[in-house]
Amino acid sequence: MSSLEERQAALRKLHAEMRACRKCQEAGFPTVPGAIFSGDASARIMIIGQAPGKVEAFGTKKPFSGPAGKRLMRWMEEAGWTEEEFRREAYITAVTKCFPGPGKNGRGDRAPTARERELCRPFLERELAIVDPEVVAPVGRLAIVYFLGNSIRLADVIGHSFQVDGRIVVPLPHPSGASAWANSAANQKRIRKALAILRDLRPGLRPE
Ligand code: SF4
């Protein structure tokens, strides 16, 4: 795409469309309207989560600002960014941009269905095309499979980087405390390896 100024303008237009979107509600899902994302077209790294949670939807309106976000920010500190630097330098979004609502049993959030992910996919495709980041860090399985396909095992991909469509993809697990995966010693090692990859890449990721 063209100059940074033109990309910023295209992104502002896309953000307005995302904020106004009600496709999931119109399709009958209990999704809470209000797309959550942050950052601009100058970012060279994009973080893609699963979906915002209730803290983001009803409180801060800032991605990754609930309990899972706190853990993610601790990981980013390990990768060399303070939270303030990270929020300034990264474009942060999600596979589905709106809070899907609580899970059935009242524990955790409802995972967005395949249909909701499909409805929201064109927005993510446009964000990637406009921001055009060098590095993408998909956070959690739903975001990782978008780049690496459904058949992946977290243990095989966390701690590694991949070239996908000319970008470097560095997968991270979901940082939710409810995720048992991230707590085992072997998987902690994999996470440390992934953060070391990001730390090595960081010098080339200053915003334009
Ligand atoms: S999750 Fe995506 S497709 Fe669904 S209403 Fe929100 S912005 Fe629209």
Taking the Cα centre of the range 115-192 as origin, sum charge times position over the Cβ atoms of Lys and Arg (+1) and Asp and Glu (-1), and report the length of that vector in debye to the nearest 20. 360 debye
Based on the alpha-carbon set only, what is the convex hull volume of the range 63-103 divided per residue, in Å³? 82 Å³
Once Lys and Arg are counted +1 and Asp and Glu -1 for all other residues with Cβ under 12 Å from that of Leu11, the total becomes -2
Eigenvalues of the alpha-carbon gyration tensor of the range 1-112, times 5 and square-rooted, give semi-axes in Å, largest first, of 24, 21, 9
Taking neighbour counts of Cβ atoms within 10 Å as a proxy for exposure, in what order, fewest first, do Tyr146, Tyr91 appear? Tyr146, Tyr91
Just to be sure I follow: if Rg is taken over the C-alpha atoms of the range 166-208 and Rh is the Kirkwood radius over the same atoms, what is Rg/Rh? 1.07
Helix-derived mean residue ellipticity, 222 nm - over the chain, DSSP H n ≥ 4, -39500 (n - 2.57), to 500: -12500 deg cm²/dmol
As a test of the definition: which semi-axes, in Å, follow for the chain when you take the square root of five times each eigenvalue of its alpha carbon gyration tensor? Largest first, please. 24, 22, 16
Applying the gyration tensor rule to the Cα atoms of the range 97-160 (axes a ≥ b ≥ c; rounded if a/c under 1.5, else prolate if a/b exceeds b/c, else oblate), the class is oblate
Two-site label geometry, Lys189 and Ala27: point separation in nm, points 7 Å out along Cα→Cβ: 4.0 nm
Using unit Cβ charges (K, R positive; D, E negative) and no other charged atoms, how large, in debye to the nearest 20, is the dipole of the range 64-208 about its Cα centre? 640 debye
Spatial extent of the range 127-177: Rg and Dmax, with the Cα atoms as the point set, Å: 10.8, 33
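We did not get these values from a lab; they are worked out from the coordinates using the rules stated. Keep in mind the model is a prediction, meaning the values are calculated, not measured. In this analysis, Cβ positions are derived from the backbone assuming ideal geometry, glycine residues included, and neighbour counts consider all displayed protein chains.
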